[in-house]
Amino acid sequence: MIEYRNLRVALLGAGSVGSQVARLLLEQGDEFASRVGARLELVGIAVRDVDAPRDVDLPRELFTTDATSLILGADIVVELMGGIEPARGYVLEALNSGADVITANKALLATHGPELFEAAEQVGAQLYYEAAVAGAIPIIRPLRDSLAGDTVSRILGIVNGTTNFILDRMDATGETLADALATATDRGYAEADPTADIGGYDAAQKAAILASLAFHTTVPLEQVYREGITAITREQVESAREAGSVIKLLAICERLTDPETGEEGVSARVYPALISREHPLAAVRGAHNAVFVQAEAAGDLMFYGAGAGGVETASAVLGDVVSAARRHVVGGPGVAESTHAGLPVLDIGRVVTRYQITLSVADQPGVLAKVARILSDGGVSVETVQQSVPSSTGAVVISGNHPIHGAGAPTATLVIGTHEAEEAALAATVEALAASDVVTAVSSVLRVEGS
């Protein structure tokens with residue numbers, strides 16, 4: 001019988017993911033030992049309340065409220081508490097003690113990543129975080145290792161399962177956003193307070209992590225442009241379906257070059273956008289996630305799977321645990337994060353994209369010519385125009401956060417698809433349209449991606 005050395009594993013947090021990690025470590029100890037060449041000993045689980053009910057039946061003697069003592073006696077620390085503090089302090093404590101750390105804490109990495117990676121590098125430890133983005137989907141390691149010799153030009157991702165479930169329900173069943181959110185809550189996909197998901201905050205954190213990794217550049221969370229799905233209406237979803245498109249909340253990380261100066265920079269942004277139903281991301285249903293990567297040599301790559309779930313995310317966590325354990329067996333320092341490119345993070349106004357603009361306009365001669373002139377003056381080229389039959393309903397007004405009041409006179413609807421232009425020019429043109437005397441309402445503005 002093979003005798004293995006022990007590696008001591010400390011677990012911080014025993015929620016839906018943490019409890020599954022603990023269960024699998026205990027149940028599959030022999031299997032892990034044969035993969036690693038050492039036995040992974042779960043020495044304790046730090047929690048706030050040792051008597052709190054949990055989904056998994058775990059030995060009570062493993063639980064403690066003394067996280068520091070647990071950390072200082074461990075070779076590998078798994079942080080699954082979530083939030084910024086006290087998680088940040090515990091992770092720094094673990095790294096400074098020389099332990100490797102595995103975390104699924106996207107908020108912590110997006111906010112304090114550089115500090116944590118620097119702490120790990122100072123002592124030769126390693127910080128692993130595969131589970132921080134897209135749950136069970138392996139995306140961190142491919143970007144960090146497999147594509148390290150390539151140049152990633154763009155990442156287009158559905159990285160929040162809750163919003164994808166809601167938008168998919170709206171598309172498939174015709175539900176309103178409120179009804180689809182209620183369904184998501186009933187099925188356990190949405191939290192009691194869904195703001196982080198439907199407001200785009202969760203996706204923005206993941207975009208910051210992906211952009212920093214893909215472009216070898218620190219991308220601060222505050223420089224990630226963010227819009228959520230709270231303004232998406234059933235009418236917009238129906239209109240998209242009729243046009244052969246679907247609305248998805250996308251995290252987009254992109255390498256950009258200024259055509260005039262040659263300056264290279266990066267953009268990270270999150271917003272709802274139209275994509276063709278022929279695009280691979282359009283087929284991502286329910287609460288699943290997918291990340292579409294475009295690289296110069298490798299071409300187009302897509303990573304798809306469960307974006308959340310206790311046992312699914314535990315798979316990604318345990319993959320990192322095995323990697324950390326193998327490093328301990330073989331020896332050698334951890335691999336530092338590569339942020340040496342130091343590219344500037346460009347403002348959303350510098351991004352080149354396309355718009356679909358839906359206008360309610362006065363039903364009178366010359367309107368189309370006036371609208372076309374406003375677009376031309378703004379440097380925006382029109383690709384398509386669709387006009388509906390006139391109606392005499394009062395204007396329903398949506399233009400960002402700025403209401404525009406229509407006169408209630410007979411109106412027609414124009415749906416304008418633009419060619420690519422800088423975001424700043426497109427946004428200024430929408431404002432000019434909203435101020436025009438022939439436009440009673442800017443009913444919808446959606447970006448078009450994935451072409």
Evaluate the stretch 207-229: report whether one residue or more is among the basic types (Lys, Arg), more than 17 Å from ARG285 (Cβ to Cβ) and assigned to a helix (DSSP H, G or I).
-> no
Please enumerate the residues belonging to the stretch 1-30 that are exposed (fewer than 12 other Cβ atoms within 10 Å of the Cβ) and at pLDDT 95 or above.
-> GLU27
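Would a scan of the stretch 244-259 turn up a residue that is β-branched (Val, Ile, Thr), modelled with pLDDT under 95 and either open to solvent by 50 Å² or more (accessible area, probe 1.4 Å) or at positive phi (or both)?
Narrowing the stretch 244-259 to residues β-branched (Val, Ile, Thr): 246-247, 252, 257.
This time we only want the ones that are modelled with pLDDT under 95, so: 257.
Filter again for either open to solvent by 50 Å² or more (accessible area, probe 1.4 Å) or at positive phi (or both), leaving 257.
Among the residues of the stretch 244-259, at least one is β-branched (Val, Ile, Thr), modelled with pLDDT under 95 and either open to solvent by 50 Å² or more (accessible area, probe 1.4 Å) or at positive phi (or both), which makes the answer yes.
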From ARG169, ARG154, residue being outside any loop (DSSP other than H, G, I, E, B), open to solvent by 10 Å² or more (accessible area, probe 1.4 Å) and in contact with a strand residue (DSSP E or B) (Cβ under 6 Å, 6 or more places away or on another chain) = ARG154
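Conditions tested, residue by residue: (1) surrounded by 20 or more Cβ atoms within 10 Å (Cβ to Cβ); (2) without any contact (Cβ under 8 Å) to a residue 24 or more places away in the chain; (3) charged (D, E, K, R).
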| residue | (1), (2), (3) |
| --- | --- |
| ALA412 | no, no, no |
| VAL415 | no, no, no |
| THR418 | yes, no, no |
| GLU422 | no, no, yes |
| ALA435 | no, yes, no |
| VAL438 | no, no, no |
| SER443 | yes, no, no |
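Any residue at all in the stretch 124-140 that's out of contact with any strand residue (DSSP E or B) (no Cβ under 9 Å at 6 or more places or on another chain), outside any loop (DSSP other than H, G, I, E, B) and either open to solvent by 10 Å² or more (accessible area, probe 1.4 Å) or among the hydroxyl-bearing types (Ser, Thr, Tyr) (or both)? Write out each step before concluding.
So the first thing to find is which residues in the stretch 124-140 are out of contact with any strand residue (DSSP E or B) (no Cβ under 9 Å at 6 or more places or on another chain), and the list is 124.
Retained after the next criterion (residues that are outside any loop (DSSP other than H, G, I, E, B)): none.
No: zero hits.
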Counting only residues in the stretch 45-73 that are in contact with a helix residue (DSSP H, G or I) (Cβ under 6 Å, 6 or more places away or on another chain) and within 25 Å of GLY309 (Cβ to Cβ), the one most open to solvent (accessible area, probe 1.4 Å) is identified as ASP55
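Within the bounds of the stretch 8-28, is there any residue that is in contact with a Lys or Arg (Cβ under 7 Å, 6 or more places away or on another chain), over 23 Å from ALA110 (Cβ atoms) and without any contact (Cβ under 8 Å) to a residue 24 or more places away in the chain? If you could, list the steps in order and put the result at the bottom.
Step one: filter the stretch 8-28 for residues in contact with a Lys or Arg (Cβ under 7 Å, 6 or more places away or on another chain), giving 14, 19.
From the residues that got through so far, the ones that are over 23 Å from ALA110 (Cβ atoms) too are 14, 19.
Cutting the leftovers down to without any contact (Cβ under 8 Å) to a residue 24 or more places away in the chain gives us none.
So far as the stretch 8-28 goes, no, none of its residues is in contact with a Lys or Arg (Cβ under 7 Å, 6 or more places away or on another chain), over 23 Å from ALA110 (Cβ atoms) and without any contact (Cβ under 8 Å) to a residue 24 or more places away in the chain.
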Pairs where the first residue, in the stretch 118-147, is farther than 15 Å from ALA107 by Cα and the second is hydroxyl-bearing (Ser, Thr, Tyr) and assigned to a helix (DSSP H, G or I), C-beta under 7 Å, 6+ apart | ALA136/THR313; ALA136/SER315
Scanning the stretch 313-361 residue by residue, the ones that are among the small types (Gly, Ala, Ser) and at pLDDT below 90 total 7
Say we look at the stretch 99-116 and pick out the residues that are in contact (Cβ under 8 Å) with a residue 60 or more places away in the chain and either within 13 Å of the chain's Cα centre (by Cα) or more than 18 Å from ILE71 (Cα to Cα) (or both); which of these is surrounded by the fewest Cβ atoms within 10 Å (Cβ to Cβ)?
-> PRO114
Under 9 Å between Cβ atoms, at least 6 apart or on separate chains: pull out the pairs that start in the stretch 178-190 with a residue that is of a type in the set (Val, Ile, Thr) and end on any residue that is open to solvent by 80 Å² or more (accessible area, probe 1.4 Å).
-> THR183/TYR189; THR185/GLU191; THR185/ALA192
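Looking at the stretch 192-220 only, could you name the residues that are under 15 Å from TYR271 (Cα atoms) and touching a residue at least 12 places away in the same chain (Cβ under 8 Å)?
As a first pass, look at the stretch 192-220 and keep what is under 15 Å from TYR271 (Cα atoms): 195-208.
Of everything in the stretch 192-220, those that are under 15 Å from TYR271 (Cα atoms) and touching a residue at least 12 places away in the same chain (Cβ under 8 Å) turn out to be ASP197, ILE198, GLY199, GLY200, TYR201, ASP202, ALA203, ALA204, GLN205, LYS206, ALA207, ALA208.
Based on what the data block shows, is SER315 out of contact with any Phe, Trp or Tyr (no Cβ under 7 Å at 6 or more places or on another chain), among the polar types (S, T, N, Q), open to solvent by 60 Å² or more (accessible area, probe 1.4 Å) and in a helix (DSSP H, G or I)?
Details: out of contact with any Phe, Trp or Tyr (no Cβ under 7 Å at 6 or more places or on another chain): yes; among the polar types (S, T, N, Q): yes; open to solvent by 60 Å² or more (accessible area, probe 1.4 Å): yes; in a helix (DSSP H, G or I): yes.
Yes.
Would you point out the residue of the stretch 287-298, among those that are within 18 Å of the chain's Cα centre (by Cα) and farther than 27 Å from ARG23 by Cα, that is most open to solvent (accessible area, probe 1.4 Å)?
Let us first name the residues in the stretch 287-298 that are within 18 Å of the chain's Cα centre (by Cα), namely 287-294.
Checking the rest, the ones that are also farther than 27 Å from ARG23 by Cα come to 290-294.
Working: ALA290: 0, VAL291: 0, PHE292: 23, VAL293: 0, GLN294: 56 Å².
Looking at the filtered set, the residue picked out is GLN294.
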Here are LEU301, LEU256: which of them is over 19 Å from the mean Cα position of the chain (by Cα) and in a strand (DSSP E or B)?
-> LEU256
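Hey, any hits in the stretch 363-380 for a residue that's assigned to a strand (DSSP E or B), in contact with a strand residue (DSSP E or B) (Cβ under 6 Å, 6 or more places away or on another chain) and of a type in the set (Asp, Glu)?
So in the stretch 363-380, the residues assigned to a strand (DSSP E or B) come out as none.
Within the stretch 363-380, not a single residue is assigned to a strand (DSSP E or B), in contact with a strand residue (DSSP E or B) (Cβ under 6 Å, 6 or more places away or on another chain) and of a type in the set (Asp, Glu).
The values are calculated or read from the model by the stated rules, or taken from the named source; none is laboratory data. Please read all numbers here as calculations on a predicted model, not as lab measurements. Backbone-built Cβ (ideal geometry, glycine too); neighbour counts: all protein chains shown. We work out accessible area using only protein heavy atoms, side chains counted, and drop any ligands, DNA or RNA first. Shrake-Rupley method; radii C 1.70, N 1.55, O 1.52, S 1.80 Å.
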